[in-house]
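Participant: I am attaching a structure below and will ask some questions about it afterwards.
Every read-out reported here was derived from the displayed coordinates using simple, explicitly stated rules and does not represent laboratory data. On a predicted model such as this, the values are computed, not experimentally measured, just so you know. Because the Cβ atoms are built from the backbone with ideal geometry, glycine has one as well, and the counts that use them run over all protein chains shown.
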Amino acid sequence: MGFLSRKKPKPAPVELQEDHPIVDELQQMEEAVPIRDETAGAAGPVSDSALPPTGGSPPSSPPTADTSESEPAEEVVEEPALNAQEPDEEEGDARMKAVDLIAPTRLDFLAEKEADEEEPVKTAEVIAFANQKGGVAKTTTTLNLAVAFAESGYRVLCIDLDPQGNLTMSQGIDPDKVEKSLYDVLVNDIPISEIIVKREIDVAVASIDLAGAEIAMSTKIGRERSLEKALKEVAGDYDFVCIDTPPSLGLLTINALTAANKVIVPVQCEYLSMRGLVQLQNTLRMIQENLNPDVRIEGILPTMLDSRTIHAKEAVEILEENFGDLVFQSRIKKAIKFAEAPVKGASVLKYDSDSSAANYYRELAKEVLSHGSA
Ligand SMILES: Nc1ncnc2c1ncn2[C@@H]1O[C@H](COP(=O)(O)OP(=O)(O)OP(=O)(O)O)[C@@H](O)[C@H]1O
Ligand SMILES: [Mg+2]
């Protein structure tokens, strides 16, 4: 019966249609598993309707008339697995290939990233001013050196990473009145550009709540890199970024050292002030090993030098014996102007531009620039 129907495409077996039970059975099977094969469809009752949208014939689909029965049966069994790929090749790139779904090879985001990385031709030199000892002129040096750079035509951003907000105050900004500060940048990830205030130089301001930043950041993933990340937004806008740090080696200072290319270490010329340098060096080594391999000490700066005292001279000698070339040639001598200027909300270079106090920092700027910065 089936054999005859294949040989002759239109046998019209009328006498079986009405009452033979196999006809009903066949129809039920075909409705349950619709047949897609169009060549075979000419002979079947559901050939013109209800074609499934996706490819793949049911394994039991009938073979074509001229071929032997065994060959097509094998093809039909194997093809469904390959069929998922073949139509994609014909359709071009419009559809993802099965291979891509299993192991995605979309690398456009990498290409974008590479383009981003190539673009900023010149980024700021980031200098952290650090010493865990208090009152050694970190803030004074950060601000006045920054202003000296600006006098020489460089674009400078100062970052006040100290909850005391002394640098912010030294530019005439009240840290108690700022709405957003570095706290929001480090903890809430707001753009750093939102907290930059323009004064003699641009200042990313501190507020008292920065004191809580270390605890608030402590559970954050990548907490040591928060400042580094934030600085990327503005790195192309400045030649120098000068970071004032608090008198500790906590998370705020670690953020500064991680973001920095260079560290300047102000040291008061007293024996006790120099003892902490070893601890600072150890911290820096840890940062180099784990977070920022490129950071290095740009120089150790003797500050508040009272050249009249033998003790101060001896202290500088000890510094040079122990740290050699790392000690700057420049010396920042004691001068009352340094205490007076912040009261006026100005750097010493603005407060008394012709003073020798102002010139100490101009000399230091020359020395840093001669080291190859910017
Ligand atoms: N060369 C100097 N001669 C005299 N006074 C100075 C000199 N440099 C800084 N000072 C004064 O010493 C005090 C401490 O300086 P500064 O605030 O810069 O130190 P600091 O290291 O930032 O302190 P802290 O660790 O508290 O942040 C300030 O009152 C400042 O005006
Ligand atoms: Mg300070």
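Participant: Rounded to the nearest 0.05, what FRET efficiency do Lys337 and Asp306 have when you use their Cβ-Cβ distance and R0 = 22 Å?
Facilitator: With R0 = 22 Å, the Cβ-Cβ based efficiency is 0.90.
Participant: On to the next question. Only bridges with both residues in the stretch 122-370 count here: give the DSSP antiparallel percent, nearest 5.
Facilitator: Just about 10 percent of them are antiparallel.
Participant: Continuing with the same structure: Ordered by packing density, taken as the mean number of other Cβ atoms within 10 Å over each peptide's residues, highest first, how do 235-246, 183-194 rank?
Facilitator: Peptide ranking by packing, descending: 235-246, 183-194.
Participant: At a 10 angstrom cut-off on C-beta neighbours, averaged per residue, how do the peptides 314-326, 200-212, 339-351 rank from highest to lowest?
Facilitator: 200-212, 339-351, 314-326
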